[in-house]
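S.K.: The structure is given below, and queries will be raised subsequently.
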Amino acid sequence: MTHNLDQTKGLRTLWIASAWLFVIAAGAGVAFRWGMMSGFPEGLRPDYLRHGHSHLMLMGWATPALMALMAARWPAQGGRPRHRSVCIVGWSAWVLALVSFPAFILWGYESVAIGSANLPVAAILSGFAIFSWYAFAVVYFRAHRGISRTPTLKLWDIAVASLVISSFGAWAVAGLMMGGVDSILWEVATVHFFVELFGAGWLVLGALGLLRSVVDTKDSTNERFGRILITMSVAFVFLVGLPRAYAPELLPLLGSAAAGLLAAGLALIIHSLWPRLDLWCRRVVYFLILNALMLATIAVPPLADWGLGAGLRLLYLHLAFAGFVTLALVIIAAVQWGPGTAGSRSAWLAAVLVLLATLVPMTGLWPSQFGGSWVLSLAFFGSLFATLAATGACLASLRE
Ligand code: HEM
């Protein structure tokens, strides 16, 4: 079902360029795993490398690719075409993510002497990127002003609002760092508020909207109720990750309740869409089901405490972002612009499956008596395989 290729060619180019940033960011992930296995060379700090990786994945891959696909698909939902504006906004986000990547690797959030000034270069560059999100929100809401909302648009409304609101957390993170505020509670609270709302709100709901856009069925009561639960809860799930030693007891409990509501909301929407999904969309949604199951587990406070201690956060993030979001972007790009756009879908699926499978032994899900140094080697080879598979898929798409 390839359509409007000529009009959306610029958006397709932006999508492909974003997929290349996935490859670069994944390379940083491989370097991190290499360092954990064999030691980090002088001058390469693991925390800076992690910042560089996660920042480029979220801001350089998932965000511009999602913007491009949404803009290509919203005219079919009744939205006014805004291809040029979204290209300008999306490329701005892409360029800022790319230039801040080496800054994160070299300096992290630290200030650097430039002339007579001391500037946190990476934080400043990523701060500029936030203006591209605001620009996207303006373009999105103006393109849909006065237009009756389809179920896809209702999901995207929540996603774009989450993008804007999550940015307040990002400003707070930068503010605390620049102000030298030394509070673990505030540090964790602001980072988690930003990552959870940006991830579960903007990326996951944006990707769910993409899947909804290929399903031709009316809004159901379950779906409507699901959206209400999601809207009520998505901004509060971060509370569950607050450090127990510093946070008032009530806050993690509220976070658990929010995780339960979010899981229920996602389950209701998945249940409504499932009969209409084709094989590839179902494969993508399996990752969302696993994500919702993890959220449902977090809803039980003792299990949430256990999960935090067992290092499940990393698995949870990659299940949502590498599993569901990345595969949804790949599958819907193939629907929108033809299967060659993203290279082999099977290669992407294999990349994600291997990445996630090799993360499991690093968590408390794996019995500790079966652990050992092979766990780090496996994680390294898993991330290397995932990166090579995604690189192969991107190279193959160049031949299209
Ligand atoms: C080939 C694919 C990928 C590889 C090899 C990879 C590897 C890694 C590694 C090694 C870490 C640091 C782990 C640690 O702290 O022990 C990490 C963290 C992270 N990654 Fe990935 N990743 C991949 C895909 C993705 C994708 C697609 C996203 C998002 C779109 C993502 C977002 C993150 C985030 C948010 C963190 C956590 C950063 C933090 O805790 O500060 N990753 N990843």
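S.K.: Using the Cα centre as the reference, give the magnitude of the dipole from point charges on the C-beta atoms of the chain (Lys, Arg: +1; Asp, Glu: -1; all else neutral), rounded to the nearest 20 debye. Intermediate results must be reported in sequence, preceding the final value.
M.R.: On the way: 24 positive and 15 negative charges, 252 e Å.
Roughly 1200 debye, rounded to the nearest 20.
S.K.: Quickly rank 230-243, 273-286, 65-78 as a protection proxy: mean count of other C-beta atoms within 10 Å, highest first. Display every interim value, and only then the final one.
M.R.: Working: 230-243: 21.9, 273-286: 15.9, 65-78: 24.2.
Most protected by this proxy first, the peptides run 65-78, 230-243, 273-286.
S.K.: Another one. Which of the three applies to the stretch 193-304, rounded, prolate or oblate, going by the alpha-carbon gyration tensor with a ≥ b ≥ c and a/c under 1.5 meaning rounded? Could the numbers behind the result be given before it?
M.R.: On the way: a/c = 2.28, a/b = 2.19, b/c = 1.04.
Prolate, since a/c reaches 1.5 and a/b exceeds b/c.
S.K.: Further question: Amide H neighbours of Val112 under 5 Å, counting only residues 5+ apart in sequence or on other chains, H built in-plane at 1.01 Å?
M.R.: Under 5 Å from the amide H of Val112: Leu119, Val121.
S.K.: As I understand it, the dipole of the stretch 12-114 uses +1 on the Cβ of Lys and Arg and -1 on the Cβ of Asp and Glu, about the Cα centre. Which of Ala72, Gly27, Trp107 lies farthest toward its positive end?
M.R.: Value: Ala72.
S.K.: Quick one: net charge around Val352, please, counting Lys, Arg +1 and Asp, Glu -1 for every other residue with C-beta under 13 Å from its C-beta.
M.R.: Values: positive: Arg283, Arg345; negative: none.
With Lys, Arg at +1 and Asp, Glu at -1, the net is +2.
S.K.: Let me know the whole percent of all Cα-Cα pairs from the stretch 313-400 that are separated by more than 19 Å. It would help to have the intermediate numbers written out before the result.
M.R.: Values: 1649 of 3828 pairs.
More than 19 Å apart: 43 percent of the Cα pairs in the stretch 313-400.
S.K.: For the stretch 131-237, what is the charge dipole size about the Cα centre, in debye to the nearest 20, if Lys and Arg each add +1 at the Cβ and Asp and Glu each add -1 at the Cβ? It would help to have the intermediate numbers written out before the result.
M.R.: Values: 8 positive and 7 negative charges, 111 e Å.
Here the stretch 131-237 has a charge dipole of around 540 debye.
S.K.: Sort the following peptides by mean Cβ neighbour count (other Cβ atoms within 10 Å, averaged over residues), highest first: 367-373, 249-255.
M.R.: On the way: 367-373: 8.7, 249-255: 15.9.
Those peptides, ordered most packed to least, come out 249-255, 367-373.
S.K.: Still on this structure, I have one more. From Cα coordinates alone, what are the radius of gyration and Dmax values for the chain in angstrom?
M.R.: 20.2, 63
Here, each number is a calculation from the coordinates, and none is a lab measurement. Computed from a prediction, not measured in an experiment: that's the story for all the values here. Reconstructed Cβ throughout: ideal geometry from the backbone, glycine too, with neighbour counts over all protein chains shown.
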